[in-house]
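Encoded as structure tokens, the structure appears first; notes follow it.
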Amino acid sequence: MNQSINEIQEEIIDEFSMLGGDMESTVFYIMELGNHLPPLDEKYKIPENLVKGCQSKVWLTTSFKEGKIFFLADSNTEVTKGLISMLIRIWNGRTPKEILNSDLYFIEKIGMQRVVGSQRSNGFASMIKQMKLYALGYQQKEKV
Amino acid sequence: MTTLTENKQILFDVQSVRKKFPALHQKVNGHPLVYFDNAATSQKPKEVIDALSHFYEKDNANIHRGIHTLAERATAEFEETRKAVQSFIHAPEAEEIIFTSGTTGGINLVAQTYGRKFLKKGDEVILSAMEHHSNIVPWQMICEEKGAKLKVIPITEAGELILKEYKKLLSAKTKIVSIAYVSNTLGTINPVKDIIKLAHEAGAKVLIDAAQAIIHIPINVKELDCDFMAFSGHKMYGPNGMGVLYGKRELLEAMPPYQGGGEMIKEVTFDKTTYNELPYKFEAGTPNIADVVAMKNAIDFVNSLDRNAALIHEHQLLQKTMSGLAGIDGIRLIGTAKHKTGVVSFVSDRIHHFDMGMMLDAKGIAIRTGHHCTEPLMNLLGIEGTNRASFAVYNTEEEVDYFIETVKGIIQKRKK
């Protein structure tokens, strides 16, 4: 991995800045990003992998290879899927420490702070929490 | 068509109503706000907002026990609202009006007092399949405690109660029937008068959840003959955090107090406490004085409207929205009862309601998406949630046109 977490965040902020803060274009662009998220195999869409929000469902599964975490995820809503694709772009292949120490400031910069503001409205906020919990879990495991 | 429009303008001047609501006059995401989330909460007219700050600026004091001038003023204003509510819903006595925190507070009060005292093992409480969680969970809690059972009136595909089934559910075991006057998800207006009459014939008491009805339908509790009615101020142009429970005096008298504290007592010793009279018996602690006071201004606002003209206006918005949405390929209306208020739920076959809500918000349109606190209803309909547009008196046909065009545009864009 060549780019740092913050370098990717800056790259994302840059992409969104081209939309000039127009909310409609922002939402459509996020949905567009979601279309590029690799599809999650149905076998992973099981209750154990469900990160439930009030309005949308998110499935999340991980693997741990050579000290790095790899995420696979999907959602039943396109906006959430787009948001997830950015998280994966930033966090995939990182060490638990990198993930736990990172500050996801891009969310506010692209005008999407409200989707993390309320745990109830969508699975995205719960998803961030869940991804960090996985990182914490793998970190503990490594120490043992 | 011209005559219809002309008549309507004479009937109802929506623009002068809109002027009274400051929150409506703003841009959201670069577009003029279209506020179609009125079933969740309505916007407040300037006089309600002003009454709140006036109270805190001039009259703020704790009520009922102060002898100083401000306390007297605050008490008088607080009790003025009680009288205004009494006459607004045509309750026989002002003491039958209990101030609560909202509809949920009112239903819990009845469940925890009337329910706790009068429900026995084997008794039954009847609800309907379209109830809001706040008219389900309080009854579930007390039924579980008392060993009583919940019975549910089924609904038709259009979202209407099946009265034939309701009649079958009624028996000597039925102690309470608790029903929404208007469904918050479907907009169905339930035939509460018949429901109440049938319940009374079976010897049961009836609570009407009027949270959604209060803003649209003129209410007369005497004529309906309901035993209890609960509603919230904020859903009828009033402030948040205040609600009303109406109850027939003999029932309120028979009920034990709900919460203990100041205000609700007559005399306290460590051996025994005697309770205050109605309505104070149920108003423990310092109430939400300012919001109750400002509620009178909300009632005055509603009373200042030509209610019939307002009803016709809202009905026209409803019809226009329903037929506009029905004409869009891939949209399915949820809730097509014959008698409806201004609530339109719909689903799209390819766009999740969360995405739809986000895309509409980007265009300045506020709707509600999700299960609307009616999960049992969603399960019954086999859907996860809906998009819900709901109207108030200040919404316009132009807003509906813009909304329909926007939904159409979103669907077309996602088709590509």
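The values are calculated or read from the model by the stated rules, or taken from the named source; none is laboratory data. This is a predicted model, so every value here is computed, not measured. Note that each Cβ is placed from the backbone with ideal geometry, even for glycine, and that neighbours are counted across all protein chains shown. Protein only, heavy atoms only, side chains kept; ligands, DNA and RNA dropped before computing areas. Shrake-Rupley method; radii C 1.70, N 1.55, O 1.52, S 1.80 Å.
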The answer for GluC sites (Glu not before Pro) in region A:36-71 that fall in a DSSP coil and have at most 13 neighbouring Cβ atoms within 10 Å is A:GLU66
Can you tell me the relative contact order of region A:5-143? Whole percent, Cα pairs under 8 Å, sequence separation 6 or more. 29
Express the carbon and sulfur contribution to the solvent-accessible surface of the protein assembly as shown as a percent, rounded to the nearest whole number, probe 1.4 angstrom. 52
How much of the DSSP bridge set in the protein assembly as shown is antiparallel, in percent, rounded to the nearest 5? 70
Taking each full run of DSSP H in chain B as one helix, which ones are at least 24 Å long along their axis (Cα atoms) and have mean Kyte-Doolittle hydropathy of at least -1.0? B:69-88, B:307-326, B:397-415
By how many degrees, between 0 and 90 and to the nearest 10, does the Cα long axis of helix A:123-143 differ from the longest principal axis of chain A? 30
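Could you compute how much accessible area chains B and A hide from each other, both sides summed, with a 1.4 Å probe? Nearest 100 Å² is fine.
1700
In the structure shown, do any of B:LYS121/B:LYS164; B:LYS120/B:LYS222; A:LYS57/B:LYS175; B:LYS235/B:LYS363; B:LYS46/B:LYS266 have a Cα-Cα gap over 30 Å, and if so which? Spell out each step's value before the answer.
Values: B:LYS121/B:LYS164 26 Å; B:LYS120/B:LYS222 28 Å; A:LYS57/B:LYS175 40 Å; B:LYS235/B:LYS363 24 Å; B:LYS46/B:LYS266 39 Å.
Among B:LYS121/B:LYS164; B:LYS120/B:LYS222; A:LYS57/B:LYS175; B:LYS235/B:LYS363; B:LYS46/B:LYS266, the Cα-Cα distance tops 30 Å for A:LYS57/B:LYS175; B:LYS46/B:LYS266.
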For B:GLU124, which sequence-distant residues (separation of 5 or more, or a different chain) have an amide H within less than 5 Å of its own amide H, given hydrogens modelled in the peptide plane? B:LYS149, B:THR174, B:LYS175, B:ILE176
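Mind checking the per residue accessible area of region A:5-143 for me, 1.4 Å probe, whole number of Å²? Numbers along the way, then the final one.
Numbers: 6760 Å² over 139 residues.
On a per-residue basis, region A:5-143 sits at 49 Å².
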Within region B:361-405, the residues whose backbone N lies under 19 Å from a label point placed 7 Å from the Cα of A:LYS52 along the Cα-to-Cβ direction are B:369-386
Cα centre as origin, Lys/Arg/Asp/Glu Cβ charges: region A:5-143 dipole, Debye: 800
Angle, helix A:78-91 long axis vs. longest principal axis of chain A, Cα atoms, 0 to 90°, nearest 10? 50
Can you give me the accessible area per residue for region B:136-272, using a 1.4 Å probe, in Å²? 42
Hits among aspartates and glutamates - C-alpha to C-alpha of B:LYS58 under 15 Å, sequence gap 8 or more where chains match: B:ASP50, B:GLU72, B:GLU77, B:ASP291
Any idea what % of Cα-Cα pairs in the protein assembly as shown are farther than 30 Å? 58
How big is chain A by the Kirkwood estimate over distinct Cα pairs, in Å? 15.5
Once both axes come from the Cα atoms, what is the angle between helix A:23-35 and the longest principal axis of chain A, in degrees from 0 to 90, rounded to 10? 40
Using alpha carbons only, what's the Rg to Rh ratio of region B:49-303 with Rh from Kirkwood? 0.99
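Rounded to the nearest 5, what % of the DSSP beta bridges within region B:39-176 are antiparallel ones?
10
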The protein assembly as shown: calculated mean residue ellipticity at 222 nm from DSSP helix runs of at least 4, using -39500 (n - 2.57): -12500 deg cm²/dmol
Of the GluC sites (Glu not before Pro) in region B:33-129, those whose Cβ has at most 16 other Cβ within 10 Å and which sit in DSSP loop: B:GLU93
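Normalised by the residues of chain B, what does the relative contact order come to in percent, with Cα pairs under 8 Å and at least six apart?
Values: 799 pairs, mean separation 92.8, N = 416.
Relative contact order comes out at 22 percent.
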Under a straight-distance cross-link criterion of Cα-Cα below 12 Å, which aspartates and glutamates are reachable from A:LYS45, leaving out those fewer than 8 residues away in the same chain? A:ASP74
